[in-house]
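These notes are about the structure you will find just below.
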Amino acid sequence: LITALGQDNNISWLEYLTENNYIDSSAIYVEGPETISFNDESYTVDTILTFRYYSPMYDIYRGIKIPKTIKSIDWITFHRIEHFEWFEVDDENPYYSSVSGCLCDKTGKILLCYPVDAKEDISVPEGFEEIGASAFCIDPCYGVQAKYSPKIIRLPQTIKKIRINGILGCKELDAIYIPSLSQWYEIEFI
(Lines give C-alpha, C1' and ligand atoms only; values in the text may rest on other atoms or scores of the structure.)
Protein backbone atom coordinates (compact mmCIF):
# COMPACT_ATOMS: atom_id res chain seq x y z
CA LEU A 1 0.00 0.00 0.00
CA ILE A 2 1.51 3.31 -1.05
CA THR A 3 1.37 5.85 1.72
CA ALA A 4 2.75 9.36 1.78
CA LEU A 5 3.21 11.69 4.67
CA GLY A 6 2.86 15.19 3.30
CA GLN A 7 0.93 18.37 3.62
CA ASP A 8 -2.79 17.78 3.93
CA ASN A 9 -5.12 20.41 5.30
CA ASN A 10 -2.13 22.33 6.69
CA ILE A 11 -0.86 19.35 8.68
CA SER A 12 2.74 18.49 7.86
CA TRP A 13 4.12 14.98 8.07
CA LEU A 14 6.46 16.14 10.82
CA GLU A 15 3.55 17.53 12.84
CA TYR A 16 1.55 14.35 12.26
CA LEU A 17 4.41 12.11 13.37
CA THR A 18 5.09 14.21 16.47
CA GLU A 19 1.44 14.55 17.48
CA ASN A 20 0.89 10.81 17.10
CA ASN A 21 3.98 9.83 19.10
CA TYR A 22 5.99 8.51 16.15
CA ILE A 23 8.66 11.13 16.88
CA ASP A 24 9.87 12.21 20.28
CA SER A 25 9.32 15.97 20.30
CA SER A 26 12.30 16.39 22.62
CA ALA A 27 14.68 14.54 20.25
CA ILE A 28 17.26 16.45 18.25
CA TYR A 29 16.65 14.44 15.10
CA VAL A 30 13.70 13.05 13.16
CA GLU A 31 13.50 9.28 12.78
CA GLY A 32 11.02 8.48 10.06
CA PRO A 33 8.85 5.44 10.84
CA GLU A 34 8.50 2.45 8.52
CA THR A 35 4.80 2.13 9.31
CA ILE A 36 2.05 4.30 10.75
CA SER A 37 -1.42 3.50 12.07
CA PHE A 38 -4.52 5.39 11.06
CA ASN A 39 -8.12 4.40 11.88
CA ASP A 40 -6.91 1.06 13.24
CA GLU A 41 -5.10 0.25 9.97
CA SER A 42 -1.34 -0.07 9.56
CA TYR A 43 0.33 1.53 6.53
CA THR A 44 3.84 1.32 5.13
CA VAL A 45 5.49 4.70 4.73
CA ASP A 46 7.25 4.76 1.37
CA THR A 47 7.14 8.43 0.36
CA ILE A 48 8.21 11.65 2.00
CA LEU A 49 6.56 14.79 0.65
CA THR A 50 7.15 18.45 1.40
CA PHE A 51 6.67 19.47 4.97
CA ARG A 52 6.39 22.87 6.62
CA TYR A 53 9.46 23.76 8.63
CA TYR A 54 9.12 27.52 8.94
CA SER A 55 8.12 27.13 12.57
CA PRO A 56 10.93 27.68 15.11
CA MET A 57 9.79 24.46 16.81
CA TYR A 58 11.55 22.52 14.03
CA ASP A 59 14.87 24.28 14.59
CA ILE A 60 15.72 21.72 17.30
CA TYR A 61 16.10 18.96 14.71
CA ARG A 62 19.67 18.48 13.53
CA GLY A 63 19.24 15.42 11.34
CA ILE A 64 16.89 12.87 9.85
CA LYS A 65 16.99 9.07 9.76
CA ILE A 66 15.31 7.74 6.63
CA PRO A 67 13.95 4.17 6.92
CA LYS A 68 14.43 1.31 4.47
CA THR A 69 10.81 1.54 3.28
CA ILE A 70 11.20 4.96 1.60
CA LYS A 71 11.04 4.67 -2.21
CA SER A 72 10.43 8.29 -3.10
CA ILE A 73 11.38 11.66 -1.68
CA ASP A 74 9.78 14.67 -3.32
CA TRP A 75 12.53 16.83 -4.82
CA ILE A 76 11.49 19.89 -2.79
CA THR A 77 11.11 18.04 0.50
CA PHE A 78 14.24 19.40 2.11
CA HIS A 79 14.09 23.02 0.96
CA ARG A 80 14.93 25.37 3.79
CA ILE A 81 16.09 22.77 6.28
CA GLU A 82 19.04 25.01 6.83
CA HIS A 83 19.52 23.84 10.42
CA PHE A 84 20.04 20.16 9.47
CA GLU A 85 23.56 18.82 9.96
CA TRP A 86 23.15 15.28 8.64
CA PHE A 87 21.09 12.66 6.86
CA GLU A 88 21.25 8.98 7.73
CA VAL A 89 19.66 6.35 5.50
CA ASP A 90 19.00 2.76 6.56
CA ASP A 91 21.56 0.50 4.82
CA GLU A 92 18.71 -1.71 3.56
CA ASN A 93 17.03 1.13 1.64
CA PRO A 94 17.28 0.15 -2.06
CA TYR A 95 16.90 3.72 -3.40
CA TYR A 96 18.83 6.12 -1.15
CA SER A 97 21.99 6.26 0.93
CA SER A 98 24.00 8.80 2.89
CA VAL A 99 27.64 9.72 2.44
CA SER A 100 29.40 12.00 4.94
CA GLY A 101 25.97 13.13 6.21
CA CYS A 102 24.73 14.02 2.70
CA LEU A 103 21.59 12.50 1.16
CA CYS A 104 22.40 10.71 -2.08
CA ASP A 105 21.19 8.03 -4.45
CA LYS A 106 21.91 4.38 -3.64
CA THR A 107 25.19 4.39 -5.58
CA GLY A 108 26.51 7.29 -3.51
CA LYS A 109 27.44 9.14 -6.72
CA ILE A 110 24.56 11.64 -6.99
CA LEU A 111 24.33 14.31 -4.29
CA LEU A 112 20.62 14.89 -3.64
CA CYS A 113 20.78 17.18 -0.62
CA TYR A 114 23.68 18.75 1.24
CA PRO A 115 22.88 19.63 4.86
CA VAL A 116 23.80 23.33 4.82
CA ASP A 117 23.47 24.01 8.59
CA ALA A 118 24.68 27.61 8.58
CA LYS A 119 28.00 26.70 6.98
CA GLU A 120 29.51 29.51 4.94
CA ASP A 121 32.24 27.36 3.37
CA ILE A 122 31.04 23.98 2.06
CA SER A 123 33.20 21.19 0.65
CA VAL A 124 31.42 18.47 -1.30
CA PRO A 125 33.06 15.13 -0.41
CA GLU A 126 35.16 13.30 -3.00
CA GLY A 127 33.37 10.55 -4.89
CA PHE A 128 30.24 12.45 -5.87
CA GLU A 129 29.91 12.61 -9.66
CA GLU A 130 26.71 14.62 -9.94
CA ILE A 131 25.09 17.54 -8.14
CA GLY A 132 21.37 16.68 -8.23
CA ALA A 133 18.52 19.13 -8.77
CA SER A 134 18.09 21.26 -5.64
CA ALA A 135 21.07 19.68 -3.83
CA PHE A 136 21.90 23.11 -2.39
CA CYS A 137 18.43 24.59 -2.55
CA ILE A 138 17.69 27.31 -0.03
CA ASP A 139 14.10 27.98 -1.00
CA PRO A 140 13.10 31.67 -0.93
CA CYS A 141 9.44 30.84 -1.67
CA TYR A 142 6.45 32.31 0.08
CA GLY A 143 8.31 35.41 1.22
CA VAL A 144 10.22 33.51 3.91
CA GLN A 145 13.88 34.51 3.92
CA ALA A 146 16.55 31.91 4.53
CA LYS A 147 18.63 32.47 7.65
CA TYR A 148 21.72 30.93 6.11
CA SER A 149 23.35 30.75 2.74
CA PRO A 150 26.74 29.32 1.87
CA LYS A 151 29.32 31.82 0.62
CA ILE A 152 31.67 29.23 -0.88
CA ILE A 153 30.99 25.80 -2.38
CA ARG A 154 34.02 23.63 -3.15
CA LEU A 155 33.49 20.85 -5.68
CA PRO A 156 35.68 17.73 -5.82
CA GLN A 157 37.61 16.51 -8.86
CA THR A 158 35.03 13.72 -9.28
CA ILE A 159 32.09 16.03 -10.26
CA LYS A 160 31.02 15.41 -13.87
CA LYS A 161 27.45 16.79 -13.95
CA ILE A 162 25.46 19.59 -12.35
CA ARG A 163 21.69 19.46 -12.75
CA ILE A 164 19.50 22.49 -13.31
CA ASN A 165 18.70 24.24 -10.03
CA GLY A 166 21.39 22.22 -8.29
CA ILE A 167 22.39 25.44 -6.58
CA LEU A 168 19.27 27.55 -6.10
CA GLY A 169 18.48 30.50 -3.86
CA CYS A 170 21.96 30.74 -2.31
CA LYS A 171 21.86 34.53 -2.27
CA GLU A 172 25.12 34.96 -0.35
CA LEU A 173 27.13 32.67 -2.66
CA ASP A 174 30.37 34.38 -3.70
CA ALA A 175 32.28 31.54 -5.32
CA ILE A 176 32.26 27.95 -6.49
CA TYR A 177 35.74 26.43 -6.42
CA ILE A 178 36.86 23.54 -8.60
CA PRO A 179 40.23 21.79 -8.66
CA SER A 180 41.10 22.98 -12.20
CA LEU A 181 39.78 25.16 -14.99
CA SER A 182 39.91 22.21 -17.40
CA GLN A 183 37.51 20.34 -15.10
CA TRP A 184 35.00 23.20 -15.38
CA TYR A 185 34.93 22.79 -19.17
CA GLU A 186 34.34 19.05 -18.82
CA ILE A 187 31.36 19.39 -16.43
CA GLU A 188 28.02 18.70 -18.11
CA PHE A 189 25.25 21.09 -17.10
CA ILE A 190 21.93 19.31 -17.53
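Just a few scattered comments:
- Any chance Glu92 is modelled with pLDDT of 75 or more, farther than 23 Å from Glu129 by Cβ and in contact with a Pro (Cβ under 7 Å, 6 or more places away or on another chain): no
- Residues within the stretch 173-190 that are open to solvent by 100 Å² or more (accessible area, probe 1.4 Å) and either under 19 Å from Glu126 (Cβ atoms) or part of a helix (DSSP H, G or I) (or both), tallied: 4
- Flag if Arg80 is modelled with pLDDT under 65 and of a type in the set (D, E, K, R): yes
- Any hit, the stretch 141-158, residues being polar (S, T, N, Q), modelled with pLDDT of 90 or more, surrounded by 12 or more Cβ atoms within 10 Å (Cβ to Cβ) and closer than 18 Å to Cys104 by Cα: yes
- Candidate set: the stretch 47-77, residues that are of a type in the set (D, E, K, R) and at pLDDT below 80; chosen: the one most open to solvent (accessible area, probe 1.4 Å): Arg52
The values are calculated or read from the model by the stated rules, or taken from the named source; none is laboratory data. Just so we're clear, the structure is a prediction, and the values are computed from it rather than from any experiment. Note: ideal-geometry Cβ built from the backbone for every residue, glycine included; neighbour counts use all protein chains shown. What goes into the accessible areas is simple: the full protein's heavy atoms, side chains included, and nothing from ligands, DNA or RNA. Shrake-Rupley method; radii C 1.70, N 1.55, O 1.52, S 1.80 Å.
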